[in-house]
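Read the structure below first, then the notes.
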Amino acid sequence: MHLTSQTDYSLRLLMLLGMVAPKKMTISQVANILQLKKNHLTKIVHHLSKHEILNTSRGKTGGISLSEVAHDKTIAELIRISEPNFSLVECLDRQQCSCEFSGYCELTGLFTSARSAFFDVLSDKTLGDILNNKKKTSPLLSKRIISENL
């Protein structure tokens, strides 16, 4: 299993915003701190704001910040918002399956159970739980945040 870069970057963005909360950040600041491309980050911010995970505002005092509901979202929920597809193998997506073994293979059940176990583990922690331990920050990340005057 492999998470897309969109999911990886989404989680990094949410953790960074949680670290500097209640301050707002601009997309440029986030891109500089996390060393991400601004265009890609803009799409992620738009997607997360559509799902009410982020608050966004324009103008001189604008920026992005975590919404109140973001803290209560489990990591599993956040990943499901960012990941387009969790069919580990073709047979888990019955509409797209062309496997000759479909319907006669025990691997389908095993992969379904594995996917369920993955999400069960990630359902035990919320973003708020992860953010409660702000002390675990790399020195490099701290230096980048300070250089952005946050």
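A few notes on this one:
- Within region 120-137, being open to solvent by 60 Å² or more (accessible area, probe 1.4 Å) and outside any helix (DSSP H, G or I) holds for Asp124, Lys125, Asn132, Asn133, Lys134, Lys135, Lys136.
- Exactly one residue out of Gly128, Gly103, Gly62 is over 30 Å from Lys23 (Cβ atoms) and of a type in the set (Gly, Ala, Ser): that is Gly103.
- If the condition is being open to solvent by less than 70 Å² (accessible area, probe 1.4 Å) and either farther than 14 Å from Leu16 by Cα or not polar (S, T, N, Q) (or both), then region 138-150 contributes Leu141, Arg144, Ile145, Glu148, Leu150.
- All of (1) open to solvent by 60 Å² or more (accessible area, probe 1.4 Å); (2) without any contact (Cβ under 8 Å) to a residue 40 or more places away in the chain; (3) assigned to a loop (DSSP other than H, G, I, E, B) hold for Arg12 with one exception: (3).
- Flag for Lys73 being closer than 19 Å to Ser5 by Cα, among the charged types (D, E, K, R), in contact with a helix residue (DSSP H, G or I) (Cβ under 9 Å, 6 or more places away or on another chain) and modelled with pLDDT of 95 or more: no
- Residue pairs whose Cβ atoms lie under 8 Å apart, sitting 6 or more positions apart in sequence or on different chains, and linking a residue in region 30-48 that is of a type in the set (Val, Ile, Thr) to a partner that is modelled with pLDDT under 95 and outside any helix (DSSP H, G or I), are Ile33/Glu148.
The values are calculated or read from the model by the stated rules, or taken from the named source; none is laboratory data. Note that the structure is a prediction, hence the values are computed from the model and not measured. Quick reminder, even Gly has a Cβ in these numbers, built from the backbone with ideal geometry, and neighbours come from all protein chains shown. Side chains included, ligands, DNA and RNA excluded: accessible areas come from the protein's heavy atoms. Shrake-Rupley method; radii C 1.70, N 1.55, O 1.52, S 1.80 Å.
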